[in-house]
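A.B. asks: Sending over a structure as structure tokens; questions will come in a sec.
The values are calculated or read from the model by the stated rules, or taken from the named source; none is laboratory data. Computed from a predicted structure; not experimentally measured. Using ideal geometry, Cβ is built from the backbone for each residue, glycine included, and neighbour counts are taken over all protein chains shown. The area values use the complete protein model at the heavy-atom level, side chains included, leaving out ligands, DNA and RNA. Shrake-Rupley method; radii C 1.70, N 1.55, O 1.52, S 1.80 Å.
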Amino acid sequence: MAKLQLSIAMGDYDRNRALYDAAVQIDGVDPTYMLLNPEEMFFRAFRFQDFDVSELSFSSYLVKHANGDCPYVALPIFLSRAFRHTSIYVRKDRIRTPQDLKGKRIGIPEYQLTANVWARALLQDDYGVSPSDVTWVRGGIDQPGRPEKIKLKLPDDVTMIDAPADTTISDMLDRGEIEGFMAPRAPFGAARNNPDVGWLFDDPTAVAKDYYNRTGIFPIMHVVGLRRTLAQQHPWLPGALLKAFEQSKAAALAKLEDTSATKVTLPFVEEQLKAARDTLGKDYWSYGVEPNRRTLEAFTRHHHAQGLSSRHVAVDELFHPGTYETYKI
């Protein structure tokens, strides 16, 4: 019997490498892999449904799922995770504390980006800075005119304006036309080297560790989406994908643990791996619903509170039902 041919879009991460290199096979599947950056993947997936399987923005998926019009069903495969304290840049000559952002202007590439949901959540929960306390200025990070990929209806008390058509939020930050910048990428151009531009938190790692110790949350950025029609036609497929991505991640971690010759071009990898496990636990980058329920519940709560999802979506309806439990030996 011929294997099912699938197009699979994902990022070029170590945890996916065994799939792309064919060291790990997906049961019953003949895949065509495309290694793409998040902006291209998400735009093509949500605008044109270009892929059978695609890494997806968690926030964009939740917007569409809550409205009942998402062409993909999510699998609890969390290819991207990050503490988003490093996503907030400010004019250090004007902003000293998070509370100084009240009444100011923050540039964003898109309001609904997952990184921005988490960053707004930590500003509100830990520092009392609500989304309605600032003016949001939307524009491209490196190219002017970036659109919001999904139509939104924000709360009435949230103010969002577009950056001038011929400029970027990086340039606006460099010139001092906005006081803050919030995005999953760093500012581009002159802003990156401007001595008055820097992270809001001088030691974001220490702040993030404190955040985790208090909340138990390691923020999830991306999920994997399977075309809904394929999930209906092949009920075995969601479990097969979860199994393969788990095996690929395990292979990546095994290589990371092999310190005979460092597998990444970075010193202190052994020490950083130990520090991550000391703080977050041995399985610090877990897939699956139950190990991540607290993080998932926090995200769905904040997502709805920020006016992005039309209803509060329960964790138990987020993912394909065939991925909530797996076999054990």
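A.B. asks: Tell me the helices (runs of 4 or more DSSP H) entirely within region 121-215 that contain at least 3 residues that are out of contact with any helix residue (DSSP H, G or I) (no Cβ under 6 Å at 6 or more places or on another chain) and among the polar types (S, T, N, Q). Even if it seems obvious, please write down each step before you answer.
C.D. replies: Numbers: elements: 169-175, 190-193, 204-215.
Ranges flagged: 204-215.
A.B. asks: On to the next question. In this structure, is K282 open to solvent by 50 Å² or more (accessible area, probe 1.4 Å), touching a residue at least 12 places away in the same chain (Cβ under 8 Å), not assigned by the TED database to the domain that holds E148 and not in a helix (DSSP H, G or I)?
C.D. replies: No.
A.B. asks: Being at pLDDT below 95 and either under 30 Å from E325 (Cα atoms) or not assigned by the TED database to the domain that holds L35 (or both) is true for just one of L113, L123, L79, L152. Which residue is that? Walk me through it before giving the result.
C.D. replies: Numbers: L113 fails: at pLDDT below 95; L123 fails: at pLDDT below 95; L79 fails: at pLDDT below 95.
Being at pLDDT below 95 and either under 30 Å from E325 (Cα atoms) or not assigned by the TED database to the domain that holds L35 (or both) holds for just one of L113, L123, L79, L152, which is L152.
A.B. asks: If you don't mind, there's one more thing I want to ask. Here's a check for you: in region 295-329, which residue that is assigned to a helix (DSSP H, G or I), among the charged types (D, E, K, R) and over 14 Å from W118 (Cβ atoms) is least open to solvent (accessible area, probe 1.4 Å)? Break it down into steps so the answer makes sense when it comes.
C.D. replies: Restricting attention to region 295-329, the residues satisfying the condition of being assigned to a helix (DSSP H, G or I) are 295-305, 315-317, 321-323.
When the remaining residues are screened for being among the charged types (D, E, K, R), the result is 297, 301, 316-317.
So of that shortlist, the ones also over 14 Å from W118 (Cβ atoms) come out as 316-317.
Working: D316: 102, E317: 70 Å².
This residue is E317.
A.B. asks: Could you please tell me which pairs satisfy a Cβ distance under 8 Å, a separation of 6+ or placement on different chains, a first residue in region 243-268 that is farther than 17 Å from V224 by Cα, and a second residue that is among the β-branched types (V, I, T) and open to solvent by less than 40 Å² (accessible area, probe 1.4 Å)?
C.D. replies: A251/V24; L256/V269; T259/V269; T262/V269; K263/V269
A.B. asks: Now, a different point. Which residue is nearest to L296 (Cα to Cα), if the candidates are limited to region 37-87 and must be among the β-branched types (V, I, T) and part of a helix (DSSP H, G or I)?
C.D. replies: Keep residues of region 37-87 that are among the β-branched types (V, I, T), which gives 53, 63, 73, 77, 86.
Filter once more, so that each one left must be part of a helix (DSSP H, G or I): 63, 86.
On the way: V63: 14, T86: 21 Å.
Checking each candidate, the answer is V63.
A.B. asks: How many of the residues in region 28-66 are hydroxyl-bearing (S, T, Y), more than 16 Å from L113 (Cβ to Cβ) and touching a residue at least 60 places away in the same chain (Cβ under 8 Å)? Reasoning before the result, please.
C.D. replies: Residues of region 28-66 hydroxyl-bearing (S, T, Y): 32-33, 54, 57, 59-61.
Keeping just the survivors that are more than 16 Å from L113 (Cβ to Cβ) gives 32-33, 54.
Still in the running and touching a residue at least 60 places away in the same chain (Cβ under 8 Å): 54.
Adding up the residues that qualify gives 1.
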